[in-house]
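Input: a single structure, listed below in structure tokens.
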Amino acid sequence: MEQDQQFLEFVIRAIVNNPDKVKVTRTVDERGVLMTLDVEPSDIGYVIGRRGNTVRAIRTLLKVVGAKNNALVNLKINEPEGGRRERPVVSSHQDVDTSAIDNLDI
């Protein structure tokens, strides 16, 4: 296992409630190293943090670890099933009854 993958697994397992469900996949291509993270749906909030601060810090540290090894490292978090709540659709065009003013001469 590579140093960057070990680092990411260590950090993520330390902050989630289900460390045994953490899975990190490492792939290398012409653009660099891609670390793909899978966690339990209930732990995704701990990984992302408020306003994304935690995941931003983890990505910064991964870039430092990658730079030490002359590699460009990126992190992708797989969204777990049921991880995103459905937001109600707000329509700006609602049906409004205009029959009272339809025949006005202005």
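The values are calculated or read from the model by the stated rules, or taken from the named source; none is laboratory data. Everything numeric in this text was worked out from a predicted model, so none of it was measured. Please note: Cβ atoms are built from the backbone with ideal geometry, for glycine as well, and neighbour counts cover all protein chains shown.
Select from the stretch 2-25 the residues that are without any contact (Cβ under 8 Å) to a residue 40 or more places away in the chain and under 17 Å from the mean Cα position of the chain (by Cα) and list them in ascending order. Passing the criteria: Glu9, Arg13, Ile15, Val16, Lys21, Val22, Lys23, Val24, Thr25. The lone criterion from (1) within 25 Å of Asn70 (Cα to Cα); (2) among the β-branched types (Val, Ile, Thr); (3) surrounded by 13 or more Cβ atoms within 10 Å (Cβ to Cβ) left unmet by Thr27 is number (3). Using the structure shown, decide if Asn53 is polar (S, T, N, Q) and modelled with pLDDT under 90. Here the answer is no, as Asn53 does not meet what is asked. Filter the stretch 1-25 for residues that are hydrophobic (A, V, I, L, M, F, W, C) and part of a strand (DSSP E or B) and give the result. Hit for the stretch 1-25 is Val24, nothing else.
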